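Notes follow once the structure below has been shown.
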There are 2 protein chains.
Amino acid sequence: MEPKPRLQTKAPRNDAAKGTRPARAPRSPKPAANLSGDKAAETRRQILLAAASLFREKGYKATTLRDVAELAGMGAGSMYYHFASKDAILREVLDVGIATIDEAVRSAVAALPADATPAERLREAIRADLRALLQTSQYTPAYARIYNQLPATIKRRDHPRRLAYLTYWRELVFAAQRAGQLRDDLPVEVFVEFLVGAMSRTTEWFNPRAASVDALAGWIAEWILDGVGRKGAVTRQATGRLPLPMIEAAG
Amino acid sequence: MEPKPRLQTKAPRNDAAKGTRPARAPRSPKPAANLSGDKAAETRRQILLAAASLFREKGYKATTLRDVAELAGMGAGSMYYHFASKDAILREVLDVGIATIDEAVRSAVAALPADATPAERLREAIRADLRALLQTSQYTPAYARIYNQLPATIKRRDHPRRLAYLTYWRELVFAAQRAGQLRDDLPVEVFVEFLVGAMSRTTEWFNPRAASVDALAGWIAEWILDGVGRKGAVTRQATGRLPLPMIEAAG
DNA sequence: GTCTATAGGGGGATAGAC
DNA sequence: GTCTATCCCCCTATAGAC
């Protein structure tokens, strides 16, 4: 077990040595309300952030409330002042995670100039999706990683939001197809699952020191739209030696 | 809590009603050795298969040995005759999972005619990878899904195998690039992570009733090699309105 | 609001009968 | 080889002091 890092969204709490309880700075009975809300709200955020980070790293079941409390700098029992249960923390992490990426993609696309082409809108959506996953939020990668392993009851609860997100992507892709910028024979639903899934998997391997998120987004958009094959190169022989049945419909 | 299905690799065990212990069919002291090995080996496989299936579905920590035992049709304590610990089961599931997909891809490519082009070899690798993930094995999708959430000690143990697998993919991609079939500016390491990760994510959404695995493999190969953009369509304007920095090196 | 202590339950692992 | 019973630890959640 390694030394325990702590989230540092606000001033770090003390890690004072064994035994002695450090004196807490006396609080005035009515502190001026700071901009980010009162103390309880701030502590809540600390807990959620710690939970999201650990859920992402180890999964939901493997993360104990003691882990979360330690990362948030408090005792495990104290968290029950802010949340009713571990499940309640999970639900809020998931809600924030899907809301963050959904909002990020929609608003990024909406912010484009009115004359942006459907393909440009698709590129922008790819960039916004990856930003939310890889640099904006802890909640979004936590969501992407643990969602499918959760009990059906919890998945059912978040399913409408997830569907709305995928639906938006389908609209983007359909629009590009109607505009003649994507192949007519593209099975849109399957392609959207593939693309959104591929992007969410980047959280497993992306190294921010090797490339910027925007660089990665640019690459992926180009690979997907233009392909990695060299222009004019023959990537497929016409011998029929490798039959690729592509007749079935996609649901 | 649904009714409990059981793996049916061999004849189903009885689900006899409460209390009464059903009589077990008397076994001859020396049954003829069946083709798939002795009874212990068969039971071992049952346990591993049940574990892989549940690990894939719920994750490692969320899967209890009681779950595994129930799906394998035995009491939880009985499994300790075959495995030393839950960890030992996990290790074997992981080993089989990575070995299966590695072997599947290498042998599929090796089986191609000697004059197959590098791009054809890449297509075949994509098909073999997806077959291992989506139809051949329970172990491979379990591996793909849970690997990154496991404790560092276990990941370290399997890291060489995983690296060897990725290295093989890099060689395939490099070869296609050298042969002039892929773009010269393709950052191979990043691309391989993207491609392999994207394929492993298909286990989260692929619906075998909507399309065949080979159809999906054909689509993905085409999307990646040729792109989804319509030939001749402008997918990117030259206005510079959307700068895409792609200068950083990839590790 | 946060602390410590602990209740209560579940899960990995072991023991000994059969 | 598999069963049942059980040990013991850890985890979620609660209680009551401060």
What nm value, rounded to one decimal, do you get for the distance between residue B:226 and residue B:162 when each label is placed 7 Å out toward the C-beta? 3.5 nm
Could you sort out which of A:155/B:39; A:39/B:58; A:155/B:61; B:39/B:86 sit more than 28 Å apart by Cα distance in this structure? A:155/B:39; A:39/B:58
Using the Karplus curve 6.51 cos²θ - 1.76 cosθ + 1.60 with θ = phi - 60°, what ³J(HN,Hα) values do you get for each residue of the range B:196-210, in whole Hz, with x for Gly and Pro? 5, x, 4, 5, 5, 6, 4, 5, 7, 9, 4, 10, x, 7, 8
Exam field: residue B:157 pseudo-label spacings to other copies (7 Å along Cα-Cβ), nanometres: 3.4
Determine, from the Cβ-Cβ distance of residue B:179 and residue A:175 and an R0 of 35 Å, the FRET efficiency 1/(1 + (r/R0)^6), rounded to the nearest 0.05. 0.45
Taking the label point as lying 7 angstrom from Cα along the Cα-to-Cβ axis, what are the distances from residue B:226 to the corresponding position in the remaining copies, in ascending order and in nanometres? 1.8
Can you give the FRET efficiency to the nearest 0.05 for residue A:42 and residue A:115, using r as the Cβ-Cβ distance and R₀ = 45 Å? 0.55
Accessible area of the range B:86-226 divided out per residue, in Å², using a probe of 1.4 angstrom: 36 Å²
Can you give the local net charge around residue A:168? Use residues other than it whose beta-carbon is closer than 12 angstrom to its beta-carbon, Lys and Arg +1, Asp and Glu -1. +1
For residue B:205 paired with residue A:80, estimate the spin-label separation in nm (one decimal), with each label point 7 Å from Cα along the Cα-to-Cβ line. 4.1 nm
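Carbon and sulfur together cover what percent of the accessible area of the range B:86-226 at a 1.4 Å probe radius?
50 percent
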Kirkwood Rh over alpha-carbon pairs of the range A:87-226 plugged into Stokes-Einstein at 4 °C, 1.567 mPa s gives a D in µm²/s of 83 µm²/s
If amide H atoms are modeled at 1.01 Å from N in the peptide plane, then the residues at a separation of 5 or more from residue B:182, or on another chain, having amide H under 5 Å from its own are A:230, B:177
Put the label 7 Å from Cα along Cα→Cβ for residue A:112; what are its distances to the other copies, in nanometres, shortest first? 3.5
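What's the buried accessible area, both sides, between B and A using a 1.4 Å probe, rounded to 100 Å²?
Values: alone 16270 and 16260 Å², together 25540 Å².
So the buried area, both faces added, is about 7000 Å².
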Tell me, which residues of the range B:42-75 get at least 40 Å² less accessible area when the other protein chains come in, versus the chain alone (1.4 Å probe)? B:61
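The values are calculated or read from the model by the stated rules, or taken from the named source; none is laboratory data. Everything numeric in this text was worked out from a predicted model, so none of it was measured. Using ideal geometry, Cβ is built from the backbone for each residue, glycine included, and neighbour counts are taken over all protein chains shown. Calculation scope for accessible area: heavy atoms of the full protein, side chains included, ligands and nucleic acids excluded. Shrake-Rupley method; radii C 1.70, N 1.55, O 1.52, S 1.80 Å.
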